[in-house]
Amino acid sequence: MTPGPRGAAHRCELSSDVFRGAVSVEPGEGGLVPARLPGWARARVDDPFMRMTSAQAAGVRLAVRTAASVIEVDYRGARMVASEDAAIPPSRWEVTVGSECVGGADAVATGRAVFAFDQPERARTLTGPATTVRIDVGGGGVERDLEVWVPYTDVVEVVAVRADRPIRAAGPRAAPRWVHYGSSISHGYTADSTLGTWPVIAARRVGVQLTSLAFSGSAMLDGFIARVIRDLPAEVISVKAGINIVSADAMRRRTFAPALHAFLDTIRDGHPRTPIVVASPIWCEPVEERAGPTYEDPDLPYPWQRTRGTAEDVRQGKLSLRVVREETARVVAARGDDALVAVDGLTLYSGRDAERMPLPDNLHPGPDVHALIGERWSSQVLEPVLQEYALHRE
């Protein structure tokens with residue numbers, strides 16, 4: 001679809017005020033780019049996969065006020081694919097009013113973020129022309145605050161926002177701000193859409209404002225990410241780390257606990273009394289009792305994760321998920337911080353859950369498990385934290 005008005009002649013003034021869930025908003029080729037890391041932090045990223053996944057707009061939305069029944073967004077998008085000639089799957093845009101989804105549409109990005117794990121040095125982003133997504137949002141001429149959720153899968157530059165009635169940036173929300181750090185499981189990998197990712201499900205259920213610092217394959221307790229969280233406004237913060245560290249065989253028992261302590265120390269420098277939730281990993285059979293690294297089985301016609309590590313490796317000091325859960329609980333207890341909340345990942349998704357709701361690739365949640373984790377996080381984690389610390393949601 002080429003850009004241009006189709007009965008949506010009223011243009012929204014584009015500014016950083018339109019965006020929610022972005023850490024910074026920066027000029028692009030002809031529009032604005034919502035970024036989940038500021039420029040100084042992006043300069044710290046040496047890993048090509050993290051450069052691409054951190055650029056994806058997970059949890060980002062456009063906040064507008066209008067009586068329109070149709071909204072159009074002109075944008076330049078790039079979707080991660082394995083090669084320059086790979087087919088680009090459609091990406092889902094969705095619009096909400098409060099807790100209700102009032103419209104959605106699929107669009108195909110014209111750009112490619114090319115990345116293959118066997119050739120990471122050849123990673124590159126190929127931009128394309130602007131395209132338009134048109135979304136019917138109903139409404140009957142009643143002015144409402146709408147949030148247009150950008151696909152979590154895409155790198156996006158917003159060129160223009162239009163509607164069939166006057167449209168402007170929505171005013172600020174008074175709801176508590178929740179900053180969440182995590183892996184591909186939190187980023188949303190294999191979810192059907194942004195609204196189907198578990199952090200968005202949880203945030204919408206309890207009425208908090210999400211900023212997602214979840215980066216596929218990259219929740220490694222990097223110090224510069226802790227500095228980003230330290231400097232962000234937040235009423236609730238959560239840290240969910242472990243699966244990437246084990247899957248990459250990136251740390252040992254000796255180094256994990258000090259890294260988690262240092263990450264929390266940095267956050268506390270900017271948030272001395274803000275409640276921080278520290279969650280250990282959900283169930284993942286290959287590395288429950290064995291070390292990483294994990295790999296995708298090349299002999300199967302479908303994605304399936306296995307591990308090259310062993311239980312003996314764990315006895316020699318490598319990490320399994322069981323060890324990570326033990327060390328995470330030990331770190332939280334040792335800190336003596338009454339605003340620090342420990343969550344065992346097995347209360348969110350356990351081996352018993354896996355028997356009836358298996359992970360499609362033996363590592364990442366499917367849509368059903370995203371929904372389960374989102375419901376459990378909202379009721380078992382966010383609700384109690386909001387009540388304990390008298391944080392008033394919308």
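Quick notes
- Volume of the Cα convex hull of the stretch 310-394, divided per residue and given in Å³: 117 Å³
- J(HN,Hα) series, the stretch 168-184, from Karplus relation 6.51 cos²θ - 1.76 cosθ + 1.60, nearest Hz, glycine and proline x: 8, 4, 6, x, x, 8, 9, 5, x, 9, 10, 9, 10, 10, x, 9, 4
- For the pair TYR302 and ALA123, a Förster radius of 25 Å applied to the C-beta separation gives a FRET efficiency near 0.50, rounded to the nearest 0.05.
- The chain - percent relative contact order, Cα under 8 Å, separation 6 or more: 17 percent
- Gain in span if fully extended, GLU388 to THR255, counting 0.36 nm per residue against the direct Cα distance: 44.6 nm
- Among beta bridges from DSSP that stay inside the chain, the antiparallel ones total about 70%.
- Calculated on the alpha-carbon coordinates, the convex hull of the chain measures out at 135 cubic angstrom per residue.
- In a DSSP loop and with at most 14 other Cβ atoms within 10 Å, the GluC sites (Glu not before Pro) in the stretch 73-174 are GLU84, GLU143.
- The order of SER99, SER69, going from fewest to most other C-beta atoms within 10 Å of their C-beta, is SER99, SER69.
- Toward the positive end of the charge dipole of the chain, with +1 on the Cβ of Lys and Arg and -1 on the Cβ of Asp and Glu, the farthest Cα among ILE282, GLY270, MET52 is that of GLY270.
- Placing a pseudo-label 7 Å from each Cα along the Cα-to-Cβ vector at MET357 and SER379 gives an inter-label distance of 1.1 nm.
- Shape call, the stretch 177-388: gyration tensor on alpha carbons, a/c limit 1.5: oblate
- Model label zone, GLU29; criterion: amide N under 11 Å from point 7 Å along Cα-to-beta-carbon; scope the stretch 132-162: 157
- Here the stretch 58-151 is assigned +1 on the Cβ of each Lys and Arg and -1 on the Cβ of each Asp and Glu. Its dipole about the Cα centre then comes out at about 180 debye.
- Under a model in which nothing but the beta-carbon of Lys, Arg (+1) and Asp, Glu (-1) is charged, the stretch 177-388 shows a dipole of about 480 debye around its Cα centre.
- Cα shape, the stretch 44-89, gyration tensor, a/c 1.5 rule: oblate
- Charge context of ARG330, other residues only, Cβ under 14 angstrom, K/R +1, D/E -1: +1
Quick note: the coordinates plus some simple rules give every number you see, no bench work behind them. Because the structure is a prediction, the values reported are computed rather than measured. Cβ: placed from backbone, ideal geometry, glycine included. Neighbour counts: every protein chain shown.
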